[in-house]
Amino acid sequence: MKDAPRFTKVVFIAICAFVVAGILPYTAMAQAGESPWMIRARILGVEPDDDSSTITVIGGKAKVDDSVTVDVDFSYFFTDNVAAELTLTVSPHDVEAVHIPGVGKYDLGDVKLLPPTLTLQYHFIPDGKLRPYVGAGVNYTIFFDDDPGTASSIDYDNAFGFALQAGFDVGINENWAINFDVKKIWLDTDVSAKTALGTVKTKVDIDPWLFGVGLAYRF
């Protein structure tokens, strides 16, 4: 798992900042009788937008398929309107080299993505039954458990990305809500594979859309 120590440090720092940043407003919100914490669980559709990927040497493009998975996020409300959200999920994908001159396509196996995403959100109507929000933040994706397929080996570079988000909660009662969420992540990775066609190097602009629906619980 390449760059695992660096990845661990990044996630640890992000989680620490996420928790520590909430210490000051916690007392005021606790006195008001409302917990600042919310947790969500969603079914998640991941749709990569990899049309701009290119493969050097042999030509063609890299193709990453869609995936359906689940995610969990933890939100901390600094005020009624402003919150931070940390989203965790694992997304499996099949990878192919396609449109290769004289070959067509080449199986590059599969890989799992672990892309924790930290966003800062603004909630427009925090006390309404319909509670829309928008957010922006950063993502760090680690690629692991890769199977090279017909290649003899394959290597993915972990990478940072920028994320935008929009969604809304629909209140069920005081604690529970239904959540709908959309994220766009700008993410690219350098991939190197040893194949029967030689060493294939490509920059894959994954740039996924993430569509989620699930339940939210406000403590």
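The values are calculated or read from the model by the stated rules, or taken from the named source; none is laboratory data. Since this is a predicted model, take the numbers as computed values, not measurements. Glycine also receives a Cβ, built like all others from the backbone with ideal geometry; neighbour counts cover every protein chain displayed.
Could you tell me which numbered condition residue 37 fails, if it satisfies all but one of (1) more than 30 Å from residue 192 (Cβ to Cβ); (2) surrounded by 14 or more Cβ atoms within 10 Å (Cβ to Cβ); (3) at pLDDT below 75?
Residue 37 satisfies every listed condition except (3).
Given the structure, is residue 51 loosely packed, with under 14 Cβ neighbours inside 10 Å and either under 28 Å from residue 213 (Cβ atoms) or at pLDDT 90 or above (or both)?
yes
For residues in segment 106-132 being touching a strand residue (DSSP E or B) at 6+ places or on another chain (Cβ under 7 Å) and within 18 Å of residue 175 (Cβ to Cβ), which is surrounded by the most Cβ atoms within 10 Å (Cβ to Cβ)?
Only one residue tops the list, namely 123.
Restricting attention to segment 167-191, report how many residues are surrounded by 15 or more Cβ atoms within 10 Å (Cβ to Cβ), part of a strand (DSSP E or B) and not β-branched (Val, Ile, Thr).
Looking only at that region, the number is 12.
Considering (1) part of a loop (DSSP other than H, G, I, E, B); (2) of a type outside the set (Gly, Ala, Ser); (3) on the phi < 0 side of the Ramachandran plot, say which one residue 207 fails and leave the rest.
Going through the list (1) part of a loop (DSSP other than H, G, I, E, B); (2) of a type outside the set (Gly, Ala, Ser); (3) on the phi < 0 side of the Ramachandran plot, residue 207 breaks only (3).
Here are 97, 136, 151, 84: which of them is among the small types (Gly, Ala, Ser), in a strand (DSSP E or B) and modelled with pLDDT under 95?
Going through 97, 136, 151, 84 in turn, the sole match is 97.
Tell me the residue from 133, 122, 217 that is among the hydroxyl-bearing types (Ser, Thr, Tyr), farther than 29 Å from residue 51 by Cβ and touching a His at 6+ places or on another chain (Cβ under 8 Å), please. Step through it out loud before you land on a result.
Values: 122 fails: touching a His at 6+ places or on another chain (Cβ under 8 Å); 217 fails: touching a His at 6+ places or on another chain (Cβ under 8 Å).
Answer to the selection: 133.
Quick one: residue 18 ticks every box in (1) at pLDDT 95 or above; (2) touching a Phe, Trp or Tyr at 6+ places or on another chain (Cβ under 7 Å) except a single one, so which number is it?
Failing condition for residue 18: (1).
Of everything in segment 133-158, what is over 20 Å from residue 70 (Cα atoms), surrounded by fewer than 18 Cβ atoms within 10 Å (Cβ to Cβ) and within 19 Å of the chain's Cα centre (by Cα)? Give them in sequence order.
134, 136, 157
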